[in-house]
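Shown next, in structure tokens, is the structure this report addresses.
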């Protein structure tokens with residue numbers, strides 16, 4: 001039986017007993033029905049993970065005892081940023097979840113000309129909180145030991161103005177190189193730009209290329225936005241990472 005993993009954003013020390021945060025309590029006790037003496041794994045996103053045991057359970061709270069630390073490192077050797085145009089909520093959640101499973105370090109939501117979903121200033125905090133919850137759940141499930149960062153959504157123009165420290169790629173239809181044809185010594189980190197449901201406009205693609213973003217293709221078929229990000233990240237991890 002797999003031992004459940006939980007993200008606890010606080011310092012953790014072997015021998016420490018503490019009360020679980022409310023969200024973790026609800027998942028561990030009210031959903032998974034963990035009881036006194038049952039094992040669990042905790043991580044705080046700073047590397048490694050902690051073995052623990054449920055030490056006390058009541059109707060409204062639970063405490064755990066940390067028993068050991070393992071310096072396990074499940075992170076990819078390359079730093080990947082997914083620059084994902086905002087798409088419909090369920091599709092966006094899927095794209096973020098799979099990106100975390102595939103080892104991305106940073107997620108940069110993007111607003112483009114064909115973005116169906118628009119985010120007002122009053123909605124930003126709520127959206128970020130939701131996306132961070134998706135990232136946390138994906139880390140717990142996939143065994144990640146460091147927490148990817150979800151950035152505040154930006155307009156494409158604003159993102160292009162930001163200095164690039166490695167390689168920027170844009171997935172675009174057309175006669176462009178495939179990912180498996182990119183140089184093996186590609187400068188890192190790598191930022192991968194994925195468009196919305198309707199794709200980037202020709203103007204946006206030209207704007208990106210002019211700004212130094214390298215266009216790449218996944219072949220003759222047009223993939224959905226959430227499929228494209230999954231496929232492209234998997235190919236990048238295969239060529240430069242640990243898949």
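The values are calculated or read from the model by the stated rules, or taken from the named source; none is laboratory data. Small disclaimer: the values here were computed from a predicted structure and weren't measured. Note that each Cβ is placed from the backbone with ideal geometry, even for glycine, and that neighbours are counted across all protein chains shown.
Condition (residue is touching a strand residue (DSSP E or B) at 6+ places or on another chain (Cβ under 8 Å) and assigned to a helix (DSSP H, G or I)) applied to segment 187-197: is it met by at least one residue? Spell out the reasoning first.
Looking only at segment 187-197, we keep the residues that are touching a strand residue (DSSP E or B) at 6+ places or on another chain (Cβ under 8 Å), and these are 187-196.
Keeping just the survivors that are assigned to a helix (DSSP H, G or I) gives none.
No: segment 187-197 contains no residue that is touching a strand residue (DSSP E or B) at 6+ places or on another chain (Cβ under 8 Å) and assigned to a helix (DSSP H, G or I).
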Just wondering, is there one or more residues in segment 52-70 that are closer than 30 Å to residue 225 by Cβ and either in the same structural domain as residue 228 (by TED's automatic domain parsing) or surrounded by 14 or more Cβ atoms within 10 Å (Cβ to Cβ) (or both)?
-> no
Report yes if some residue within segment 101-118 is farther than 28 Å from residue 222 by Cβ, out of contact with any strand residue (DSSP E or B) (no Cβ under 6 Å at 6 or more places or on another chain), surrounded by fewer than 18 Cβ atoms within 10 Å (Cβ to Cβ) and free of Cβ contacts under 8 Å to residues at least 40 places away in the same chain; otherwise report no.
-> no
Output for segment 1-57, where each listed residue is in a loop (DSSP other than H, G, I, E, B) and free of Cβ contacts under 8 Å to residues at least 24 places away in the same chain | 1, 2, 21, 33, 35, 36, 37, 38
Index of the failed condition, residue 90 passing every other in (1) more than 10 Å from the chain's Cα centre (by Cα); (2) buried (at least 21 other Cβ atoms within 10 Å of the Cβ) = (2)
Scanning for something touching a helix residue (DSSP H, G or I) at 6+ places or on another chain (Cβ under 7 Å), outside any helix (DSSP H, G or I) and either surrounded by 17 or more Cβ atoms within 10 Å (Cβ to Cβ) or assigned by TED's automatic domain parsing to the domain that holds residue 89 (or both), does segment 159-168 turn up at least one residue?
-> no
Residue hits (segment 179-203; farther than 18 Å from residue 163 by Cα, touching a helix residue (DSSP H, G or I) at 6+ places or on another chain (Cβ under 7 Å) and crowded, with 19+ Cβ neighbours inside 10 Å) are 179, 194, 195, 196
Within segment 1-19, considering residues that are more than 23 Å from the chain's Cα centre (by Cα) and farther than 10 Å from residue 52 by Cβ, the one surrounded by the most Cβ atoms within 10 Å (Cβ to Cβ) | 19
Residue 148 is checked against (1) at pLDDT 95 or above; (2) under 12 Å from residue 236 (Cα atoms) and fails just one. What number does that condition carry?
-> (2)
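For segment 98-136, which residues satisfy the criterion of being under 10 Å from the mean Cα position of the chain (by Cα), over 23 Å from residue 200 (Cβ atoms) and part of a helix (DSSP H, G or I)? Walk me through how you get there before you give the answer.
So the first thing to find is which residues in segment 98-136 are under 10 Å from the mean Cα position of the chain (by Cα), and the list is 98-108, 131-132, 134-136.
Retained after the next criterion (residues that are over 23 Å from residue 200 (Cβ atoms)): 100-101, 103, 105, 132, 134-136.
Result: 100, 101, 132, 134, 135, 136.
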